[in-house]
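Values quoted throughout were computed directly from the atomic coordinates according to the rules given, and no laboratory measurement underlies them. Remember, it's a predicted structure, so these values are computed and weren't measured experimentally. Here the Cβ positions follow ideal geometry from the backbone for every residue, glycine too, while neighbour counts run over all protein chains shown.
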Amino acid sequence: MNDILLYGADWCPDCRRAKAYLKENNIDYAFIDVDLDKEATSKVEEINNGKRIIPTLIIKNKSYTNPDNAQLATILGINDSGRVQLFGADWCPDCRRAKSFLRDNGINFEFIDVDEHDWATQKVESINNGKRIIPTVLIDNIPHTNPDNVKLTELLSINVEREHKIFDTIIIGGGAAGLTTSIYAQRDRFDTLILEKSTIGGNAFLTEKIENYPGFQSISGPKLMEKMEEQAKTYGAVIKTGEEVLDIEKKGNMFEIKTKSTTYFGKTVVLSTGSTYRKLGIPNEEELIGSGIHFCATCDGAFYRDKDIIIVGGGNSALEEGIFLAGFCKSVKIVHRSEKFSASETYVEKLNTIENISTYMNKTSLEFIANEKGLFEGLKVKDNNTNESSVIKADGTFIFIGLIPNTKPFKGIVNLDSHAFIQTTGLAETSVSGIFAAGDCREGAIAQVAAATGEGVLASYGIRNYLK
């Protein structure tokens, strides 16, 4: 239950002030008079190291001793435009983006972690028709599901000034390739701006464990990406998240980058937008995404602790994420359309050592099954040998069947191959002089963090040659 407990007394001026402030902002709380409740007095003394300091507030299991109104505003997300509550999780990229944007614009918000509070998960599901979609932002109790930065600007009447600075290079995409490009470019004394649609780190940020990056026997994806981001900022890079690029136009020797919210100007551009997860394209897939169907084990795996899940796919990602999920899920059922996995033998061998993983080979996925309430129930598959169909029941599914390059905005601007990957030559040069490409969005790229950093170095050398 989302209760606020206020320990105080009627004679206490600061208690009356805190009560009035909460009432003025329509925030429910329970008042406990320490003069009438001996247990309450003991509780206050316990919280304050033996001192009877009031008011003492407990908000979401955290205690606050005599907070002033400004502190209450920060804790509870109270602003001129209303109270802002952000339901999310630390592992959620869009939650990080929204939190960063609100902080950057001086907006108080109350962060409610759905991993810590069962009632918060239930509230998110009730708002989103059974789907666990985060971030869900409440502004004066009016819900908004995963609002982008433009929508938050509108809802909270944020005054965003237009950026008129001309950067030496504008990097579109803040994954490993984009961050590395920025680090090298800044070391060459070139001003760089990174525009990221979601949050810094790209697909690597969503990887639980990376064991093949030089210098680290094992490191989590988020930790590695945080180190790269910190290094880029240390060298002077400007990073803006939640900025979705809509168009690039070359005007003379200058590039005009239009986003949903504003326009930026740069002498060169690097396209490092990475890739997104490929879908199966079968019935009920779109309807159940976010409510039983997922593409990121690190992001959504926590929802399925001690539950049964299905993995669709047979490559390295499918087996790697399946092994990760088996660590806390009740069972993992891996469905693959072929008789043999395409993953490396290391992963295949490891499967045999994990008791709660079972495999369904040579099965074609036909349809996702929902119950009468429209919630996920299972996956209907066809046996490729017998043509017989059956339903594999589970609480949720994770799909790992490949990636699609995020290059749609660049069609007609630079040359793409038949699969929509950006074509490059030499030092990561595209068909347009001054525009470079690096990372998973580039033709021939290897979907590995180490390879992406190398391509970022290559792009930085292309920038150097072009500008000089």
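Values computed for the structure shown
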quantity: Within straight-line cross-link reach of K333, lysines at Cα separation under 26 Å, skipping those fewer than 8 residues along the same chain; calculated: K131, K209, K279, K307, K350, K363, K373, K380, K382, K393
quantity: Residues with amide H under 5 Å from that of I239, placed H, sequence gap 5 or more; calculated: I194
quantity: Positive-end residue, the chain charge dipole about Cα centroid, Cβ charges, pick of V381, P409, N159; calculated: P409
quantity: Inter-label distance, nm, simple model (7 Å from Cα along the C-beta direction), E226/I354; calculated: 2.4 nm
quantity: Dipole magnitude (debye, nearest 20) for segment 74-149, charges at Cβ of Lys, Arg, Asp, Glu; calculated: 140 debye
quantity: Pairwise FRET efficiency - S157 versus A450, Cβ, R0 = 45 Å, nearest 0.05; calculated: 0.50
quantity: Relative contact order for segment 37-161, counting Cα pairs under 8 Å that sit 6 or more residues apart, in percent; calculated: 19 percent
quantity: Cross-link partners of K51 among lysines (Cα-Cα below 29 Å; sequence separation of 8 or more within a chain); calculated: K19, K23, K38, K43, K60, K62
quantity: Of all DSSP beta bridges in segment 1-96, antiparallel share, percent nearest 5; calculated: 70 percent
quantity: Label point distance in nm, R16-H117, each placed 7 Å from Cα along Cα→Cβ; calculated: 3.0 nm
quantity: Calculated FRET value between K251 and I404, using beta carbons and R₀ = 51 Å, to 0.05; calculated: 0.95
quantity: Cα lying deepest toward the dipole's positive end in the chain, options N141, N465, H294, charges on Cβ; calculated: N465
quantity: Simple spin-label estimate for S81 and N69 in nanometres, 7 Å along Cα-Cβ; calculated: 2.2 nm
quantity: Which labelled figure in (i) 40, 37, 19; (ii) 45, 32, 24; (iii) 42, 33, 20 is semi-axes √(5λ) of the Cα gyration tensor in Å, once derived from the coordinates; calculated: (iii)
quantity: DSSP bridge orientation in the chain - percent antiparallel, rounded to nearest 5; calculated: 50 percent
quantity: Rg/Rg_globular for segment 300-341, with Rg_globular taken as 2.2 N^0.38 Å and Rg from C-alpha atoms; calculated: 1.12
quantity: Helix axis angle, 118-127 relative to the chain longest principal axis, alpha carbon, degrees; calculated: 70 degrees
quantity: Lys, Arg +1 and Asp, Glu -1 on Cβ, resulting dipole of the chain about Cα centre, debye, nearest 20; calculated: 980 debye
quantity: Nearest-ten-degree value, helix 38-47 long axis tilted from longest Cα axis of the chain; calculated: 40 degrees
quantity: Expected 222 nm ellipticity per residue - DSSP helices of 4 or more, -39500 (n - 2.57), all of the chain, to 500; calculated: -8500 deg cm²/dmol
quantity: Pairwise FRET efficiency - K373 versus S338, Cβ, R0 = 30 Å, nearest 0.05; calculated: 0.30
quantity: Total charge dipole magnitude, segment 1-97, about the Cα centre, Cβ charges on Lys, Arg, Asp, Glu only, Debye to nearest 20; calculated: 240 debye
quantity: Antiparallel %, DSSP beta bridges [both residues in segment 357-459], to 5; calculated: 90 percent
quantity: Cross-link reach list, lysines versus K411, counting only Cα pairs under 16 Å and skipping chain neighbours closer than eight places; calculated: K250, K258
quantity: Trypsin sites (Lys or Arg not before Pro) restricted to segment 107-150 and DSSP loop, no more than 16 other C-beta within 10 Å; calculated: none
quantity: Helix axis angle, 221-234 relative to the chain longest principal axis, alpha carbon, degrees; calculated: 90 degrees
quantity: Dipole of the chain, positive end: most advanced residue of I112, I446, L36 [Cβ charges, Cα centre]; calculated: I446
